[in-house]
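Worksheet: one structure, shown below.
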Amino acid sequence: MVLVMKLLFLTCLWPTAVLHSSHSQHHRLHHRQQMSFSRRHNSKREIKMRKLDSTKVRPLKTEQLLHIEDHDFALRPGFGGSPIPVGIDVQVESIDSISEVDMDFTMTLYLRHYWKDERLSFQSNKNKSMTFDGRLIKKIWVPDVFFVHSKRSFIHDTTVENIMLRVYPDGNVLFSLRITVSAMCFMDFSRFPLDTQNCSLELESYAYNEDDLMLYWKHGNKSLSTDEHISLSQFFIEEFSASSGLAFYSSTGWYNRLFINFALRRHIFFFVLQSYFPAMLMVMLSWVSFWIDRRAVPARVSLGITTVLTMSTIMTGVSASMPQVSYIKAVDVYLWISFLFVFLSVIEYAAVNYLTTIEERKQLKKRGKASGMYSMDAVQAMAFDGCFHDTDVDMDLTPFPEPCEENETRTSQTNVSNADTPRLKRKRSLKGNVGRIILQNNHVIDTYSRIIFPSVYIVFNFFYWGLYI
């Protein structure tokens, strides 16, 4: 009986359980369908967002983003058509050095290239451009600009290579790099150190002539900018300017060439202190010889030789810091003329000494003194005893004069009666008359030299500085 009751109860509950299970399965299926639809909707939204702005989601490779694998970048953009325009602008960071000996200059600058390559275009609504470093340069086409007449150059690589590549959605490209270059500057030293040097840095495509590549300044004259704090120790930078032209090569044709021109005016103050002013002093010092007594041979000869050697040292120092050019420089003109004045002062005293000797020999012949006992003239007496002799006093002396030191010792030992000896008479005659005696014993050449030498040198300086400044 109990068993029958259980079976009836189970029979009543079976339809209810089946309906509940079916409803639960239907609910799970509906929920799964909603989740699947939501996932598909979100996936479609992500794919759509990726298509709208591909720069927001980084692809696996840059080549896929720029479609680099789909094109041959060994060829220039627009190959077979019109030449591709490549704009250039330059910012000069510094002029590091100017070498007169090597005739070159060293400059650090930022070189920027602008061109359009439609093969690199991409879709982007929010991010206007993409920036890359130097690793992408080897995979795409870039202009082959080089520096004409350059001796050495390098791209800075601290901490990494100073290269930037920026690609815009429409295919415009900015390629920038930081370079230090040493290039030739054809200098003219004919006016050195009062000169102004005009140097230029020249840019040109190495492989592409004007039929394939048109090189031009991106913003005209404003394409060249400089740092306000650029300065040099020996030069004043007068101006920077940009220009362009064409260069012809017989084997390859015509090429566009860009010029960075700058003028350098030399500071003269350093050379005034090191060359001009010492040369002036040496010339003036040589004139002192004209005011020294013509019979003071050691003093005048040593003064002349000293000034000549000093001028030679100054000229050697200037030549050592200059290139070995075959023409005369402005500083050479001044130093050689100054050296000539110093040399002529030595020749002047040689002439004075020679004429003085001839004149005194004639005086001796006229007096006809006896051999060995005649009175000597002032110069000959000075040669023997080293003392100054006045001709008017010494002409009356017959004995051979004693040396000065011995005579002074002997005088101190004798009595007062020796006070009237000829040597004391000579000393009395010299008191208060040294200036008159020096003027009377000057040769006429010395007298004229005191006026002619300074006058001619002043006239030379007037014409020299008026011509070169």
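Magnitude of the charge dipole for segment 184-272, about its Cα centre and with charges confined to Cβ atoms of Lys, Arg (+1) and Asp, Glu (-1), is about 260 debye.
Using R0 = 51 Å, the C-beta based FRET efficiency linking Q234 and A350 works out to 0.80.
In this structure, the amide hydrogen of H113, modeled 1.01 Å from its nitrogen in the peptide plane, lies closer than 5 angstrom to those of F175, S176, counting only residues at least 5 positions away or on a different chain.
Residue-wise HN-Hα couplings along segment 150-157, as the Karplus relation 6.51 cos²θ - 1.76 cosθ + 1.60 with θ = phi - 60° gives them from phi, are 7, 8, 7, 7, 7, 8, 5, 10 Hz; Gly and Pro carry x.
The fraction of accessible area contributed by carbon and sulfur in segment 294-350 is 76 percent, rounded to a whole number (1.4 Å probe; ligands and nucleic acids excluded). Put the Cα centre of segment 183-199 next to the Cα centre of segment 115-137 and the gap is 45 Å. Shown in residue order for segment 297-309 are the 3J(HN,Hα) couplings computed by the Karplus curve 6.51 cos²θ - 1.76 cosθ + 1.60 at θ = phi - 60°: 4, x, 5, 6, 5, 5, 5, x, 5, 4, 5, 5, 5 Hz (x for Gly and Pro).
Computed from backbone phi, the HN-Hα couplings of segment 269-278 come to 4, 4, 6, 5, 6, 8, 10, 5, 5, x Hz, rounded to whole numbers (Karplus: 6.51 cos²θ - 1.76 cosθ + 1.60, θ = phi - 60°; Gly and Pro given as x). Heavy-atom surface analysis with a 1.4 Å probe gives segment 212-284 a carbon and sulfur content of 56 percent of its accessible area. Maximal additional length on extending the S302-T357 stretch stands at 17.8 nm, based on 0.36 nm per residue less the C-alpha distance. Sorting 117-126, 239-248, 184-193 by average packing, meaning the other beta carbons within 10 Å per residue, from highest down gives 184-193, 117-126, 239-248. The simple spin-label model puts a point 7 Å past each Cα toward its Cβ; for S190 and T158 those points are separated by 4.3 nm. In percent, rounded to a whole number, the relative contact order of segment 133-284 is 22, using alpha-carbon pairs under 8 Å and six or more apart.
Ligands, DNA and RNA left out, the accessible area of segment 80-172 computed with a 1.4 Å probe is 48% carbon and sulfur. Legend: residue pairs K126/K222; K139/K222; K151/K222; K128/K218, Cα-Cα distance threshold 29 Å; pairs beyond threshold, K126/K222; K139/K222. In plain terms, the chain from Y464 to N172 could stretch by 99.3 nm, reckoned as 0.36 nm per residue minus the Cα-Cα distance. A crude spin-label estimate for the pair A263 and Q91, with each label 7 Å from Cα along the Cβ direction, gives 2.7 nm. Take the Cα of S243, step 7 Å toward its Cβ, do the same at I452, and the gap between the two points is 5.1 nm. In this structure the amide hydrogen of E93, modeled in the peptide plane, comes within under 5 Å of the amide hydrogens of T108, L109, Y110, none closer than 5 places in sequence on its chain.
Annotation: per residue accessible area for segment 206-279 equals 61 Å², rounded to a whole number [probe 1.4 Å, protein chains only].
The values are calculated or read from the model by the stated rules, or taken from the named source; none is laboratory data. In this text the structure is predicted, and so the values were computed from the model without any measurement. Heads up, the Cβs are rebuilt from the backbone with ideal geometry, glycines too, and the neighbour counts pull from every protein chain shown. Surface accessibility is based on the protein's heavy atoms, side chains included, excluding ligands, DNA and RNA. Shrake-Rupley method; radii C 1.70, N 1.55, O 1.52, S 1.80 Å.
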